[in-house]
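Have a look at the structure below, then the notes.
The values are calculated or read from the model by the stated rules, or taken from the named source; none is laboratory data. These numbers come from a predicted model, not from an experiment. Ideal geometry is used to build each Cβ from the backbone, glycine not excepted, and the neighbour counts take in all protein chains shown.
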Amino acid sequence: MLQIDDTIISLDVLEEHFVCDLTVCKGACCVEGDDGAPLEVEEVKIIEGLLPLVWDDLSDASKEVINRQGVSYIDDDGEPVTSIVNGKECVFTYFDQDGVCKCAIEKAFREGKTDFYKPISCHLYPVRLQKYNDYTAVNTHRWSVCSCARKLGGKLAVPVYKFLKEPLVRKFGGAWYDQLEIAAQEFKKK
């Protein structure tokens with residue numbers, strides 16, 4: 001384990017490799033699973049405000065779920081998560097012409113319609129955060145649907161923390177990330 005400020009980082013974040021391979025997985029992480037994507041409390045309001053920007057990209061089934069229960073619900077752990085369609089895909093998914101599942105919120109960001117990229121839990125994946133009283137645990141999540149990403153990351157020799165530089169800086173700041181890079185370099189020397 002490694003500590004930076006009020007975070008405890010698993011060494012897996014430094015040691016394991018990961019690069020999303022959408023051509024293989026087709027965005028399965030947005031479809032598979034038991035619950036929607038974890039949300040920070042303040043993200044729920046932000047996403048509610050984005051609905052007019054993404055509405056036309058959503059499926060009729062997604063619109064029906066949002067109209068019935070909203071953009072999120074509280075999971076069994078008492079945390080907000082994105083609403084899902086038929087116990088599967090996130091309501092903010094859409095499929096491109098190649099059948100790849102993508103995020104309507106990220107699409108709106110890339111089109112310059114919003115400065116909100118997408119939920120931080122999605123942006124940080126495969127890193128998952130667990131908040132405790134005095135610190136946040138930063139761990140790598142392993143999921144079979146992402147085996148192709150671990151394989152590609154290994155082939156390209158891209159550690160998780162480097163693949164996730166942008167979202168890690170978004171969440172924890174540039175100074176935090178600089179400390180993480182220094183720690184990773186020291187860890188490699190050992």
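A quick yes/no check of all residues on (1) part of a loop (DSSP other than H, G, I, E, B); (2) of a type in the set (Lys, Arg); (3) in contact with a Leu (Cβ under 6 Å, 6 or more places away or on another chain):
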{"site": "Glu48", "(1), (2), (3)": "no, no, no"}
{"site": "Trp55", "(1), (2), (3)": "no, no, no"}
{"site": "Ser62", "(1), (2), (3)": "no, no, no"}
{"site": "Asp76", "(1), (2), (3)": "yes, no, no"}
{"site": "Lys113", "(1), (2), (3)": "yes, yes, yes"}
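The number of residues in the range 86-119 that are over 22 Å from Thr23 (Cα atoms) and modelled with pLDDT under 95 comes to 2.
Checked against the criterion of being modelled with pLDDT of 95 or more and of a type in the set (Asp, Glu), the candidates Glu48, Glu32, Glu40 yield just one match: Glu48.
This table checks each residue for (1) aliphatic (A, V, I, L, M); (2) free of Cβ contacts under 8 Å to residues at least 24 places away in the same chain.
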{"position": "Ser147", "(1), (2)": "no, yes"}
{"position": "Gly153", "(1), (2)": "no, no"}
{"position": "Leu164", "(1), (2)": "yes, no"}
{"position": "Ala175", "(1), (2)": "yes, yes"}
{"position": "Glu181", "(1), (2)": "no, yes"}
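Residues that are surrounded by fewer than 13 Cβ atoms within 10 Å (Cβ to Cβ) and in a helix (DSSP H, G or I): does the range 89-106 have at least one? Within the range 89-106, none of the residues are surrounded by fewer than 13 Cβ atoms within 10 Å (Cβ to Cβ) and in a helix (DSSP H, G or I). For the range 117-176, residues that are of a type in the set (A, V, I, L, M, F, W, C), more than 21 Å from Gln3 (Cα to Cα) and not in a loop (DSSP other than H, G, I, E, B) total 7.
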